[in-house]
Amino acid sequence: MDNDAHRSVSLRASRRPDRSNYSFQIKGADGLLGTDKSSSDYPIKIIWKRGFIRLLLVGGILWMLLILAVLLFHIWTCQSSIVFLSAICNKDSTVFQMLHTMGLVTPPHRCSIPLANDPENIVIPEKKSPSKFVQSLSYFDEDDANTNGSQSSPLFGGHQSWKQRDDSFKLKSSMKVHCGFMKNGGAEMAPKDVEYVKKCKFVVASGIFDGYDTPHQPSNVSPRSKKLFCFLMVVDEISLNFIKHNVSVKDEEWVGIWRLILLKNPPYDEPRRNGKVPKILTHRLFPQALYSIWIDGKMELIVDPLLMLERYLWRGKYTFAIAQHKHHKNIYEEADSNKRRKRYARPLIDHHMKIYRYEGLEPWTPLKQTKSGGGDGGVRLVVFDRSARWSRWSMVLEAAADWK
């Protein structure tokens with residue numbers, strides 16, 4: 001009996017569900033359900049994290065490649081011989097200085113010049129007396145367009161005959177020569193610019209044509225020179241618009257220390273030929289100037305101009321100083337260089353050299369004491385004393401300019 005009672009109790013106990021086990025199984029079920037859900041989300045989280053990391057890595061690599069491409073382009077433009085590309089390079093930027101420190105770019109060429117120390121102590125010589133050779137010099141300003149019975153439009157240099165050209169080399173006490181700037185021939189200055197340059201006795205002139213560059217500001221200019229000199233930048237309309245869009249222009253005519261001088265109606269259809277107008281005929285653009293320094297627009301003046309006048313003119317009592325070309329020894333080598341670079345039409349260059357040979361200009365040889373300059377295309381710096389306006393050298397320069 002007792003055994004039956006004990007058996008029935010044990011059977012009921014065995015049949016009774018285990019609450020702890022049941023609750024564990026339920027929790028376990030919930031846990032299993034939760035584990036299944038998280039286990040299905042876990043690969044997505046891994047993929048998302050890996051994708052984000054890969055995106056950061058790819059973005060960083062692309063950014064580094066972009067920076068590298070910009071640096072390589074900067075190096076290429078700074079080392080390029082193409083005018084347009086070299087104009088893009090900013091040699092005053094921090095990037096250029098950093099690349100120069102790393103040895104990746106070469107610095108601008110600096111010419112060592114033995115100059116005086118202090119421009120404040122320079123003594124300006126008194127105005128020279130007129131030359132005894134030519135007492136009066138004037139220029140043709142009306143073009144005789146009637147040639148061979150046919151009427152043609154005025155030319156910048158006029159329709160000069162060969163006899164007039166030959167006579168211009170024969171010095172007389174009173175002379176009248178062709179030297180550009182014929183009426184309606186082009187290269188006109190605005191009236192306000194004409195009035196401004198009348199007060200300029202000391203001139204530093206430069207020029208930019210066809211918008212290939214922006215003005216480079218001179219450095220190491222003393223306060224005395226800033227008051228004494230007019231810094232005149234001759235430009236055409238294309239260059240003026242280019243400068244206005246790329247640098248700050250004050251009052252429509254000032255870029256730093258440079259005063260912009262606009263030449264309207266360029267006489268030629270080739271920018272290089274138009275650039276020769278202010279370069280060679282500085283004395284015609286600025287007739288009141290006693291001393292002038294011409295520097296190419298691509299160059300930067302790093303020396304006080306008063307020190308240059310003292311070094312190249314006043315110290316040796318010279319009238320004219322010109323920088324020697326570092327490659328070309330005479331004008332014929334310069335002509336060959338222009339033909340190789342296709343700067344001008346070859347037949348025109350050959351015709352021009354033929355005229356020089358006909359008139360007796362011989363190539364440079366070691367027997368000559370000085371080189372013949374390398375031609376105008378090789379001239380980057382010209383220093384001229386125009387107070388001796390009637391000197392024979394000045395006269396030859398003015399008469400020899402063939403402006404057609």
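General remarks:
- Pairs, first over 17 Å from Arg357 (Cα atoms) in the range 328-343, second of a type in the set (Gly, Ala, Ser) and assigned to a loop (DSSP other than H, G, I, E, B), C-beta under 9 Å, six or more apart: His328/Gly373; His328/Gly374; His328/Gly375; Ser337/Gly374; Ser337/Gly375; Asn338/Gly375
- Checking the stated criteria, Arg392 turns out to be in the same structural domain as Leu307 (by TED's automatic domain parsing) and either at pLDDT below 70 or closer than 26 Å to Lys298 by Cβ (or both).
- Any hit, the range 237-249, residues being assigned to a loop (DSSP other than H, G, I, E, B), touching a residue at least 12 places away in the same chain (Cβ under 8 Å) and surrounded by fewer than 16 Cβ atoms within 10 Å (Cβ to Cβ): yes
- Residue that is among the aliphatic types (A, V, I, L, M) and modelled with pLDDT of 70 or more, where the choices are Leu361, Leu397: Leu361
- Annotation: of all residues in the range 171-189 being out of contact with any Leu (no Cβ under 6 Å at 6 or more places or on another chain), hydrophobic (A, V, I, L, M, F, W, C) and part of a loop (DSSP other than H, G, I, E, B), the one that is nearest to Leu155 (Cα to Cα) is Met182.
- Qualifying residue in the range 263-278 (condition: in contact (Cβ under 8 Å) with a residue 12 or more places away in the chain, under 23 Å from Gly186 (Cβ atoms) and among the β-branched types (Val, Ile, Thr)): yes
- Residue in the range 117-136 that is closer than 30 Å to Pro267 by Cβ, in contact with a strand residue (DSSP E or B) (Cβ under 9 Å, 6 or more places away or on another chain), modelled with pLDDT of 75 or more and part of a loop (DSSP other than H, G, I, E, B) present: no
- Output for the range 197-236, where each listed residue is assigned to a loop (DSSP other than H, G, I, E, B) and among the hydrophobic types (A, V, I, L, M, F, W, C): Cys200, Phe209, Val221
- Search result, residues across the range 172-198 that are more than 26 Å from the chain's Cα centre (by Cα) and of a type in the set (Ser, Thr, Tyr): Ser173, Ser174
The values are calculated or read from the model by the stated rules, or taken from the named source; none is laboratory data. Keep in mind that what you see is a predicted model, and the values were worked out from it rather than measured. Because the Cβ atoms are built from the backbone with ideal geometry, glycine has one as well, and the counts that use them run over all protein chains shown.
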